[in-house]
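Written out below as structure tokens is the structure these notes cover.
The values are calculated or read from the model by the stated rules, or taken from the named source; none is laboratory data. Just so we're clear, the structure is a prediction, and the values are computed from it rather than from any experiment. All Cβ positions, glycine included, derive from the backbone under ideal geometry; neighbour counts span all protein chains shown. Keep in mind that these areas ignore ligands, DNA and RNA; they rest on the heavy atoms of the full protein, side chains included. Shrake-Rupley method; radii C 1.70, N 1.55, O 1.52, S 1.80 Å.
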Amino acid sequence: MCDCGKSDLTLLDGVLAEYASVRGSLITILQKAQEIYGYLPTDVLYRVAEATGSTPAKVMGVATFYTQFRLTPVGKHLIMLCKGTACHVNGADAVEKAICEELKIKDGETSDDGLFSLKTVACLGCCSLSPVMMIDEDTYGSLTPAKAVEIIRTIKGGDAA
Amino acid sequence: MKIVIGEGSCGIAAGAQKVYDALAPLLNGTDINLGITGCIGMCFLEPIVDLYDKGLLLKRLVKVTPEQAGVIAEAVKANDLTALKALEITDEDKGFLDKQTRIALRHCGVIDPEDLDDYLAADGYKALEKVLTAMTPEDVIEEIKTSGLAGRGGAGFPTWFKWNAARNAAGDEKYLICNADEGDPGAFMDRAVIESDPHQLIEGMLIAAYAIGAKEAFVYVRAEYPLAIVRLEKAIKDATAKGYLGNNILGTDFSCRLRIKAGAGAFVCGEETALIESLEGSRGMPRLKPPFPAEKGYENKPSNINNVETFANVSWIILNGGQAFAAMGTETSKGTKVFALTGKIKRGGLVEIPMGLTLRDVIFDIGGGIRGGKRFKAVQLGGPSGGCIPEALLDTVIDYKALSATGAIMGSGGMVVMDETTCMVNMARFFLDFTTKESCGKCVHCRIGTKRMFEILTRITEGEGRPGDIELLEELCEAIRSGALCGLGQTAPNPVLTTIKYFRDEYEAHINEKRCPAGECAALRTYVINKDACKGCTLCAKKCPVSAISGEVKQPHAIDAAKCIKCGQCKTVCRFGAVEVR
């Protein structure tokens, strides 16, 4: 269903003024839109389609093709857990299980308190520190299940303080 | 004296910025400079702090913590470094770098990636100057041909051939593209080059643009590499301001504009035609070849695409001559190759070595072998397109042909080492999970075939394998290999084929005996308590979530296999190593 009319589309004006007429900029526009809204609401996708002269289907097609784009809102903190080869070999599965149990969510979901979303990613490129996760802008390496849970609890505690 | 801190992504993740922030105020008002450099490549020792005097490396301090900033600052201020002895790198660890031959990485961890003057002082842009003032585009292509440089992204196609094809293609409007969409999980060579030496990439690209006749160039870089993007943006700005980029470069009539395009997360975009689709703002789905990008690429104009590491070799070749580059390596593979050495390795990091060394040289001599006293089992090369090479083939030389003969590939440089605790069936399953998710869906064989393979591998690892599964997998592999349009699909079977080829016994143990020899597959694990080692401390019984463990205090405990859910809690908490997996 369309959630049209919910988002403040004027926030997009600057981005569209800069890129809408530049050919091949659809991905860039969607990246900027996601920075603004935190995800890609349907009405924003329609607005981008209209402004770039693309069909909504094309815009939706691009938005669903790339893993970076989200069609639903995320929690306050986004946990990106690396499941690359080196992390796999060094125990990323156990770390994922611990995070899921701690937050009572699965990959792609957001915790009930809206604080954390979990997303597993292919590779963060910090393989020597594997297993690795990024929470927001910070990278945490050499994780164990216990260490990952402790980091999450510390962030939670910091938010509450 | 100058203090330099390694600030690549790995270094920062290990705490390098915190060390920097702790040191900076302590050096205020002194004549000691504090600076940064990129990735030194010794990721296992991060954060690394280097002390230089008059350009010479005096001391390399490793695994530095912010708490040690005081000691370092005092020692440097007093010009007495004896107190830093304990922090210094060991001679054994030094060997990691000393045994390498660095061309593509020659500035990494040496210069400040955010300072153009540092690059210029290291002969930066000298090759560009030479090319623009003393060489024709044909001369450049000839020099690259002499060097024998081949595409470092994995396929190993001769670089000069692609440049020549783009140069000779009809039309005035041509494009040069750098593939920095390093999507292979377990590889970070390109990230390190961009973060540590962005001008080197720009210079290599400008030389290529001059050779093929392009005035527009793009770097297509993964969005997961924010630091690389920031440093490259700064480098482009600085190079433009100094006349190394833009109109009439170095006062000649050669002009070239360079733009960054951030990818949005799709492994298939490492395939060149998919990358072009993505550059144009579409779904990154591969095109049918021919026409090749050299004829019809970006916007249907002649385009040339090379990988970051390929470009990073170009200025060295121009300055030192193609002959010098070709003097290194083997008959079929010239120069050096960068590997990202990771996994169960003692010394992991970036390794650049001349082609022709063996896998054993890299893993055992440079990497120090397996950590934790375990036994080497396999090394994975080439990521989801590559394969696992067993111990018996460790003396294979690093050469495009020799590696392909094993069933693996050279790949872009991911080298993930595995020990006896890694299950090879689960490894194959891991890669198929990846390709299933990353298949763009265009070709039926790839889209559905990888999914079926993933399902079969999943059931084998869960103890539901059936006789005939191995043969079924092999049949699917052949169908996908021959039925897919692009490299992703054509090579997706490699992890399965190589693990079947070299570790068939592990597949058979899973299927016939319902046993995982590596003890990794949870469903096939049996937890038992070794009666001789158990002290009867009751900790495991308390922690067991399903009360499957029983026993009196100070008496050996036992696990009821019927109740056990194989969560492994007992093994984790046992302080006596009494819980064993069979």
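Here are some notes:
- Filtering region A:112-153 to residues that are small (Gly, Ala, Ser) and within 8 Å of chain B (Cβ to nearest Cβ) leaves A:Ala122, A:Gly125, A:Ser128, A:Ser130, A:Gly141.
- The listed residues are A:Ala17, A:Ala57, and the only one of them that is surrounded by fewer than 18 Cβ atoms within 10 Å (Cβ to Cβ), within 28 Å of A:Val121 (Cβ to Cβ) and either within 9 Å of another protein chain (Cβ to nearest Cβ) or not basic (Lys, Arg) (or both) turns out to be A:Ala57.
- Where B:Asn304 falls short, out of the listed (1) touching a Cys at 6+ places or on another chain (Cβ under 8 Å); (2) open to solvent by less than 40 Å² (accessible area, probe 1.4 Å); (3) not in a helix (DSSP H, G or I): (1)
- Strands (runs of 3 or more DSSP E) fully within region B:370-484 that include at least 1 residues being open to solvent by 10 Å² or more (accessible area, probe 1.4 Å) and either acidic (Asp, Glu) or free of Cβ contacts under 8 Å to residues at least 12 places away in the same chain (or both): none found.
- Pairs meeting the criteria (first residue in region B:240-262 and in a loop (DSSP other than H, G, I, E, B), second residue among the charged types (D, E, K, R) and open to solvent by less than 30 Å² (accessible area, probe 1.4 Å), beta carbons under 8 Å, at least 6 apart or on different chains) are B:Tyr244/B:Glu203.
- Unique residue being within 11 Å of another protein chain (Cβ to nearest Cβ), crowded, with 24+ Cβ neighbours inside 10 Å, part of a helix (DSSP H, G or I) and of a type in the set (A, V, I, L, M) when the list is B:Ala187, B:Ala192: B:Ala192
- Matching residues in region B:540-558 - criterion: being surrounded by 17 or more Cβ atoms within 10 Å (Cβ to Cβ) and not β-branched (Val, Ile, Thr): B:Cys540, B:Ala541, B:Cys544, B:Ala548, B:Gly551, B:His557
- Pairs linking a residue in region B:110-123 that is under 13 Å from B:Lys234 (Cα atoms) to a residue that is part of a helix (DSSP H, G or I) and open to solvent by 30 Å² or more (accessible area, probe 1.4 Å), with Cβ atoms under 7 Å and 6 or more positions apart or on different chains, are B:Asp112/B:Asp118; B:Glu114/B:Lys234; B:Leu116/B:Asp238.
Residue-wise test of (1) within 28 Å of B:Thr30 (Cα to Cα); (2) buried (at least 17 other Cβ atoms within 10 Å of the Cβ).
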{"site": "B:Asp53", "(1), (2)": "yes, no"}
{"site": "B:Val71", "(1), (2)": "yes, no"}
{"site": "B:Ala78", "(1), (2)": "yes, no"}
{"site": "B:Leu97", "(1), (2)": "no, yes"}
{"site": "B:Arg102", "(1), (2)": "no, yes"}
{"site": "B:Leu116", "(1), (2)": "yes, yes"}
{"site": "B:Leu128", "(1), (2)": "no, yes"}
{"site": "B:Met135", "(1), (2)": "no, yes"}
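- Exclusive hit being in contact (Cβ under 8 Å) with a residue 40 or more places away in the chain, open to solvent by less than 20 Å² (accessible area, probe 1.4 Å) and away from chain A (no Cβ under 14 Å), set B:Gly154, B:Gly213: B:Gly154
Matching residues to (1) at pLDDT below 95; (2) part of a helix (DSSP H, G or I):
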{"residue": "B:Thr133", "(1), (2)": "no, yes"}
{"residue": "B:Glu142", "(1), (2)": "no, yes"}
{"residue": "B:Thr146", "(1), (2)": "no, yes"}
{"residue": "B:Gly153", "(1), (2)": "yes, no"}
{"residue": "B:Trp163", "(1), (2)": "no, yes"}
{"residue": "B:Gly171", "(1), (2)": "yes, no"}
{"residue": "B:Cys178", "(1), (2)": "no, no"}
{"residue": "B:Glu182", "(1), (2)": "yes, no"}
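- Across region A:28-42, a minimum of one residue is classified as within 23 Å of B:Met285 (Cα to Cα), in contact with a strand residue (DSSP E or B) (Cβ under 7 Å, 6 or more places away or on another chain) and either within 11 Å of chain B (Cβ to nearest Cβ) or not in a helix (DSSP H, G or I) (or both).
- Condition met for A:Lys76 (in contact (Cβ under 8 Å) with a residue 40 or more places away in the chain, more than 14 Å from chain B (Cβ to nearest Cβ) and surrounded by fewer than 17 Cβ atoms within 10 Å (Cβ to Cβ)): yes
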